[in-house]
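Here's the structure, in structure tokens; my notes come after.
The values are calculated or read from the model by the stated rules, or taken from the named source; none is laboratory data. Model, not experiment: these values are computed from the prediction. Note that each Cβ is placed from the backbone with ideal geometry, even for glycine, and that neighbours are counted across all protein chains shown. To get the accessible areas, we keep the full protein, side chains included, count just its heavy atoms, and leave off ligands, DNA and RNA. Shrake-Rupley method; radii C 1.70, N 1.55, O 1.52, S 1.80 Å.
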Amino acid sequence: MEALIEKLKEQIIKQLNLEDITPADINEEDSLFGEGLGLDSIDALELIVLLEKEYGIRIENPKDGQKIFFSIKTMAEFIQEHQKK
Amino acid sequence: MAVRFVSSNIISSLGFSTEENFQNLLLAKVGIQTFNDPLLYPSPFLAACIHQAELEERWNETNQKVVIATRLEKMLILSITEALSKTKIDISSSRTAILLSTTKGNIDLLNPIESIDPERLLLWKLGEFIGHYFGNPNPVRVVTNACISGVLAINTAAMMLKGERFDHIIVVGADLVTRFVVSGFMSFLSLSQTPCKPFDRDRDGLSLGEAAGTLILEKTSFPEKGDILFAGGATANDANHISGPSRTAEGSVIAIQNAMSEAGFAAKEIDHINAHGTATRYNDDMESIAIQRLGLSESPVNSYKGSWGHTLGAAGIIETATLIESMKTDTILPTAGFHTPGTTEKLIVTKEPLSKPLNTCLKLASGFGGCNAALVLNKK
Amino acid sequence: MTPQITAFCHIKKNQVFLNGKSIFSAGSEVDMREFVKSAFRNTGTKYPKFFKMDDYSKLGFLAAEVLMKEVDESTIEDKSTGIVLSNNHSTLTTDQLFQDSIQSDEAFFPSPSVFVYTLPNIMAGEIAIRHHITGENAFFVSSAFDPDWHTLYINQLFESKKVSACLSGWVEMDDQSLDAFVYYVEEANDQRDESMQHTVEKLNNLYKINDK
């Protein structure tokens, strides 16, 4: 889980062009949107692409995104759960 | 001095002339259908495309010059040719200019086609090609401003006619349904699984469409009774978000206000509004808010996109051309796909054709980049 | 009265010029994309969204940022300030980037954040958000910077009272080079430099002022 979280942080920084932010700046429990990392609706769509491209997981209902992408931790949990299947 | 509309053409999934399209819209026909073409998108999707065989047939009939052209160029040339054929305007005159509206032009040339100059991917080269075809001596001006391109091009044409240089402006616009555009809108999760339902409670996204359209504008000191005149137009930016419309409809409100003030009409004088009406949740809600904020809620509203989809750079042109026919016949067209109201603010959306004197009408458009446009038409 | 140019900014050959004077530069060995980023950092503006933009928007945004430091933003009338831009390539290099993500069926991952930038007017949208400009918008494409069209269009906007100020210019880029010339036009005013009228001749002159 630790390793997955670290990898996710790096992937998100790269995919979303978060210049001047390092993995150490991101707390895995902080919210990704709004106050936390300040991501917006286009970033949310980009995270859907990231899950599919890097982990082969397809989100069928975009409304689920809100819960899945709440924080790095919730994302990692979701990936772990769906990769096992 | 006034600016009047003297001719038009529409080439879409619903036909090859303004008249044919108008008749089909009157019957609320839907040109949107399922495509299963892996070259366009890996899985089936919905779109409204121009009939391929008929396009080729018309091209072979019309094109005596043995010019090799792309699909988009054929659409543009055929559209101008047909609109022009109903007038006596000399397209080779220095007093006539061409304005091209498109979002992506020949974007399919990213994969080169043999015997086509790959430079025609560049929008100004595309414009130049069209200008040369018709022997027009002026530079073809190219407007590319997302989904307001068409309305902005008409506003620009009217502005050009206020100066001394031109008597006629030919506004032409087109965009294709390509892998590029379909994939992009898919990645935005903006495409509906069913033909789109503008302003409907259950709307869930837009349908893409393919079209070309032409409007010819003329400067005149003596408009005649029944002429449809360009009365005013404006654009504005939400300054809020690059892909989502403003929750307060800020930019749309400013554009409408400025267009109405240029035209010199008050809200109660607007007989009908042809909205952008893409059938995404946010766009249609936003338009309902703009219409309510400006006290326009009593004017019947419709959208043509339930019939021919969202035709991007052509949209503002073919929709204005249709609105002009609507005004000439005093008939508000139905909104295909609309059944149950369901926007933030209440609107009167037309389900059936509605007869009503149409003297002053409003056309709206909005697009990515937070841009909004409006124009006002008036019957002399 | 012909409106007047009150500030102008050039960016090309790894140099940023404001009103004709060089204010930032990088050696010719520096990659032009890296140059744009360091020039933006040099403005002192903290704006993380800048780094998410495509190359065209970054260039236009940078030019606007440098230019608008010359404009007293408290004087901006949001609704009557316009943005009118043009270039040659529309968004061709970004188009190619998006096309690469959809070219094959095996590696088919269309990126929404690339797609949104495949419209050149997004640049105007980004500038509008940053400086809260809500007036007229237009983006035109031509083979070269066209002072004739810029003056015709913009002066007409002033004459019809649609704008009282306008951020305008040319923001061009291809794989090898970039060239931005962005300027601010305001209503004519006696207190301003009379020679800075928004005319074809003046624009031609200013556009080439930093050519050596």
Check: Residues in the stretch B:210-230: is at least one of a type outside the set (D, E, K, R), in contact (Cβ under 8 Å) with a residue 60 or more places away in the chain and farther than 23 Å from B:Leu375 by Cβ?
Finding: no
Next item on the list: With the condition kept exactly as written, say whether any residue in the stretch B:231-243 is part of a helix (DSSP H, G or I), buried (at least 24 other Cβ atoms within 10 Å of the Cβ), out of contact with any Cys (no Cβ under 6 Å at 6 or more places or on another chain) and not assigned by TED's automatic domain parsing to the domain that holds B:Ile154.
Entry: no
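From the list C:Pro110, C:Pro147, C:Pro120, exactly one residue is surrounded by 19 or more Cβ atoms within 10 Å (Cβ to Cβ) and more than 19 Å from the chain's Cα centre (by Cα). Which is it?
C:Pro110
Within the stretch A:4-12, can one find any residue that is of a type in the set (D, E, K, R), farther than 21 Å from C:Lys37 by Cα and modelled with pLDDT under 90?
Step one: list which residues in the stretch A:4-12 are of a type in the set (D, E, K, R), which gives A:6-7, A:9-10.
Within this subset, residues satisfying the condition of being farther than 21 Å from C:Lys37 by Cα are A:6-7, A:9.
Now restrict to residues that are modelled with pLDDT under 90: none.
Within the stretch A:4-12, none of the residues are of a type in the set (D, E, K, R), farther than 21 Å from C:Lys37 by Cα and modelled with pLDDT under 90.
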Checklist line | Pick from the stretch A:9-29, criterion part of a helix (DSSP H, G or I) and under 21 Å from C:Val114 (Cβ atoms), ranking: least open to solvent (accessible area, probe 1.4 Å) | finding: A:Ile12
Margin query: Based on this model, can you work out whether B:Ala279 counts as touching a residue at least 40 places away in the same chain (Cβ under 8 Å) and either part of a strand (DSSP E or B) or in contact with a Cys (Cβ under 6 Å, 6 or more places away or on another chain) (or both)?
Written below: yes
Check: Scanning the stretch C:58-92 for residues that are open to solvent by 30 Å² or more (accessible area, probe 1.4 Å), under 17 Å from the mean Cα position of the chain (by Cα) and of a type outside the set (Asp, Glu), which turns out farthest from the other protein chains (Cβ to nearest Cβ)?
Finding: C:Lys69
Notebook entry, point to check: Out of the stretch B:143-185, which residues are farther than 24 Å from C:Pro112 by Cα and of a type in the set (Lys, Arg)?
Noted result: B:Lys162, B:Arg165
Next item on the list: Kindly indicate whether any position in the stretch B:91-105 is farther than 19 Å from B:Ile169 by Cα, open to solvent by less than 10 Å² (accessible area, probe 1.4 Å) and within 14 Å of another protein chain (Cβ to nearest Cβ).
Entry: yes
Next item on the list: Could you run through the stretch B:50-70 and say how many residues are open to solvent by 50 Å² or more (accessible area, probe 1.4 Å), outside any loop (DSSP other than H, G, I, E, B) and of a type in the set (A, V, I, L, M, F, W, C)?
Entry: 1
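Step by step: first the residues of the stretch B:129-164, then only those that are part of a loop (DSSP other than H, G, I, E, B) and modelled with pLDDT under 95, then the one that is least open to solvent (accessible area, probe 1.4 Å). Which residue is that?
Ranking the qualifying residues of the stretch B:129-164, first place goes to B:Gly163.
Residue-wise test of (1) outside any loop (DSSP other than H, G, I, E, B); (2) over 13 Å from the mean Cα position of the chain (by Cα).
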{"residue": "A:Glu35", "(1), (2)": "no, yes"}
{"residue": "A:Leu45", "(1), (2)": "yes, no"}
{"residue": "A:Lys53", "(1), (2)": "yes, no"}
{"residue": "A:Lys63", "(1), (2)": "yes, yes"}
{"residue": "A:Lys73", "(1), (2)": "yes, no"}
Item checked: Residue among B:Leu76, B:Leu110, B:Leu121 that alone is in contact with a strand residue (DSSP E or B) (Cβ under 8 Å, 6 or more places away or on another chain) and either of a type in the set (A, V, I, L, M) or farther than 30 Å from C:Gly125 by Cβ (or both) -> B:Leu76
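Can you give me the number of residues within the stretch B:244-257 that are open to solvent by 50 Å² or more (accessible area, probe 1.4 Å) and either in contact with a strand residue (DSSP E or B) (Cβ under 7 Å, 6 or more places away or on another chain) or in a helix (DSSP H, G or I) (or both)? Quick ask: steps written out before the conclusion?
Filtering the stretch B:244-257 down to residues open to solvent by 50 Å² or more (accessible area, probe 1.4 Å) leaves B:247-248, B:250, B:257.
Adding the requirement that they be either in contact with a strand residue (DSSP E or B) (Cβ under 7 Å, 6 or more places away or on another chain) or in a helix (DSSP H, G or I) (or both) leaves B:250, B:257.
Count: 2.
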Next item on the list: Run down B:Met286, B:Met260 and say which single residue is closer than 17 Å to B:Gly369 by Cβ, hydrophobic (A, V, I, L, M, F, W, C) and in a helix (DSSP H, G or I).
Entry: B:Met286
Next item on the list: Residues being facing chain B (nearest Cβ under 7 Å), within 20 Å of C:Phe50 (Cα to Cα) and hydrophobic (A, V, I, L, M, F, W, C): count how many of those fall in the stretch C:99-134.
Entry: 8
